[in-house]
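These notes concern the structure reproduced below.
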Amino acid sequence: MPRIPRKSPAKALPDFPWDSLASAKQKAQSHPGGIVNLSVGTPVDPVAPVIQDALASVAAVPGYPTTHGTDELRGAASASLARRYGVVSVDPTAILPVIGTKEAIAWLPTLLGLGAEDLVVIPEVAYPTYEVGALLAGARVLRADGTAQLGPQTPALIFVNSPSNPTGKVLGVPHLRKVVEFARERGAIVASDECYLGLTWEDEAVSILDPRVCGGDHTGLLAIHSLSKTSNLASYRAGFLAGDPELVAELLEVRKHAGMMMPTPIQAAMAAALTDDEQEREQRERYRRRREILLAAVRGAGLSVDNSEAGLYLWATRGEACRDTVDWFAERGILVAPGDFYGPRGLEHVRIALTASDERIAAAASRLG
């Protein structure tokens, strides 16, 4: 029986980038001291006991969770934005838990109803899922770091990312304010990926919801937050959206129909993580120490480190093709991510993650020395 022709979404997407690192990974694994994998930003430190206890406390609850999240979770998220980042005016009803922020970013253009006639703007060097999300919706994609690059075009959605993955660049208040003003003039939505906002080392990073940026008006704005890095909850898939109450309500309705519900134990764990600042401070200090060691080693090995004032990565270059630099590191038993994963402007850089144990970071520093 013949198959009905269909359009496969997978065919519209690029190859999964990490699959191309197989040979470099094999080379790094052959090092006598074993591989130091600095190619991905996956946490390695244990989840704090206070979060584990909260998870276990509702493990026996049998009923369906609420898509909008518990009052406790949304209240904790709103309070944490005020306490940690100075965003003081987010109503808990304008908080929406998501099953990891990668899922939220990938499906955001689709859930907003974008399609072939719509333009999605992403940073010139960008987390690949921004482009993937636009492609899944069938929308057009433009890479631009400033509003002047858009000319007369009217985008439907603008992604900004500060601190940036992969570059660690921080966008200042004047830049973000200009993006918000531009978006409001043209009726665009701004989605600000702020997953690394709590990991700033050399500069002040601010939320798109900061009053200095938006004047206290969240219309057309969505801030995207994750607990994967700051609280080691990558395995929990714990994130949330915050901002424009109307946009959050619209997304909530679609997610309710689609069954996009965060499990009840994860909601409890997430509320605990957002309430307890001490575990977040301890994790930030771990990354600060690792960054100090790795940054000195990378520079000592002759590489230039650009931006990297925040986040969990060093954006480094040897002034050569990024794949050659990947091989240079692999010969020393270190696996890093090539800059071409993140767009054409990354062709001479590599991304080096800080997310490895103290022992592995020390090993990498020794090999580079």
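The values are calculated or read from the model by the stated rules, or taken from the named source; none is laboratory data. As the structure is a computational prediction, the values presented were derived from the model and not from experiment. Here the Cβ positions follow ideal geometry from the backbone for every residue, glycine too, while neighbour counts run over all protein chains shown. Just so you know, the surface numbers come from the protein's heavy atoms only, side chains and all, with ligands and any DNA or RNA stripped out. Shrake-Rupley method; radii C 1.70, N 1.55, O 1.52, S 1.80 Å.
Apart from one condition, Arg332 fits all of (1) in contact (Cβ under 8 Å) with a residue 60 or more places away in the chain; (2) over 18 Å from the mean Cα position of the chain (by Cα); (3) over 24 Å from Gly34 (Cβ atoms); (4) assigned to a loop (DSSP other than H, G, I, E, B); the exception is (3).
Do we have Thr93 as assigned by the TED database to the domain that holds Ala258, surrounded by 13 or more Cβ atoms within 10 Å (Cβ to Cβ) and over 10 Å from Gln267 (Cα atoms) here?
So Thr93 fits the description; yes.
None of Val298, Val248 is in contact (Cβ under 8 Å) with a residue 24 or more places away in the chain, farther than 17 Å from Thr67 by Cβ and of a type in the set (A, V, I, L, M, F, W, C) except Val298.
I'm trying to understand the selection: among the residues of segment 253-280, which are hydrophobic (A, V, I, L, M, F, W, C), surrounded by fewer than 17 Cβ atoms within 10 Å (Cβ to Cβ) and at pLDDT 95 or above? Val254 - this is the single residue of segment 253-280 that is hydrophobic (A, V, I, L, M, F, W, C), surrounded by fewer than 17 Cβ atoms within 10 Å (Cβ to Cβ) and at pLDDT 95 or above. Residues that are in contact with a strand residue (DSSP E or B) (Cβ under 8 Å, 6 or more places away or on another chain) and modelled with pLDDT under 95 do occur in segment 109-121, at least one of them. The set of residues in segment 222-255 that are over 14 Å from Ile99 (Cβ atoms) and not in a helix (DSSP H, G or I) comprises Leu222, Ala223, Lys229, Thr230, Ser231, Asn232, Ala242, Gly243, Asp244.
Taking the criterion of being part of a loop (DSSP other than H, G, I, E, B) and touching a Ser or Thr at 6+ places or on another chain (Cβ under 9 Å), the residues of segment 256-270 that qualify are Gly259, Met260, Met261, Met262.
Listed by first and then second residue, the pairs with beta-carbon distance under 6 Å, at least 6 apart or on different chains, first residue in segment 36-51 and closer than 14 Å to Tyr236 by Cα, second open to solvent by 30 Å² or more (accessible area, probe 1.4 Å), are Val44/Ser357. Number of residues in segment 139-185 that are in a strand (DSSP E or B), hydrophobic (A, V, I, L, M, F, W, C) and either open to solvent by 30 Å² or more (accessible area, probe 1.4 Å) or in contact with a His (Cβ under 7 Å, 6 or more places away or on another chain) (or both): the value is 2.
Within segment 207-220, the set of residues being closer than 29 Å to Gln279 by Cα and more than 15 Å from the chain's Cα centre (by Cα) comprises Leu209, Asp210, Pro211, Arg212, Val213.
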